[in-house]
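Some notes on the structure that comes next.
The values are calculated or read from the model by the stated rules, or taken from the named source; none is laboratory data. Computed from a prediction, not measured in an experiment: that's the story for all the values here. Backbone-built Cβ (ideal geometry, glycine too); neighbour counts: all protein chains shown. Remember, those area values only see protein heavy atoms, side chains included, never the ligands or the DNA or RNA. Shrake-Rupley method; radii C 1.70, N 1.55, O 1.52, S 1.80 Å.
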Amino acid sequence: VDREPVMTHIPAIETRAYGCRFRSRLEARWAVFLTTAGFDWEYEPEGAQLDAGRYLCDFRVTGPNGVQVWLEVKPPVNTEDDPRWAELAARSGMMLFTVRGMHRRGDRCDTAHSCRVWLPDGQVADVHRLWQGERYEAAWDRASEARFDGKDGLTHKPGRGPRRRRRK
């Protein structure tokens, strides 16, 4: 008897860290990685009305060189690419990185972490071995070991972590 594979939906665990309420534990782990690795970030900073529909990206990340990119976090399963990603990159003029899953403590695989990048000009590239090396090992480990129990010290240092826009 041929059977269709059963896809089990596992609901995300809402998680609080750095003064933010993340929709999933995976997104919170990425916030820990980004903070520990020295990137500034904003969580769900603004929505966009696109031709393909409304969209709210997970993070806007600012690198040490001042370049800003979008970062979309997905679970480590075969999810399809969203057509809104290309449109957001084109309209905003910023690259959009999509990552799936998260390394676990001690994981030193060769891909360290692969992602797909949408460029503003419409090109798409798969980037391997991003964020690898000794500089990022502590960030991967810190992100995977975070317990989010209020006792793990997940507060952000000045200039790191969530940036808040001032209300006018």
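Among the residues of region 30-81, write down those that are charged (D, E, K, R) and open to solvent by less than 30 Å² (accessible area, probe 1.4 Å).
Correct list: D40, E42, D58, R60, E72.
Please identify the pairs in which a residue from region 137-149 that is closer than 15 Å to I13 by Cα has its Cβ atom under 6 Å from the Cβ atom of a residue that is among the acidic types (D, E) and surrounded by fewer than 17 Cβ atoms within 10 Å (Cβ to Cβ), counting only partners at least 6 apart or on another chain.
A146/D152
Could you list, in sequence order, the residues of region 45-62 that are part of a loop (DSSP other than H, G, I, E, B) and touching a Gly at 6+ places or on another chain (Cβ under 9 Å)?
Residue satisfying the conditions is C57 alone.
Whether any residue in region 108-117 is modelled with pLDDT of 90 or more and either open to solvent by less than 50 Å² (accessible area, probe 1.4 Å) or part of a strand (DSSP E or B) (or both) is what I want to check.
yes
When residues of region 34-81 are filtered for being of a type in the set (D, E, K, R), in contact with an Asp or Glu (Cβ under 8 Å, 6 or more places away or on another chain) and under 19 Å from S24 (Cα atoms), how many remain?
4
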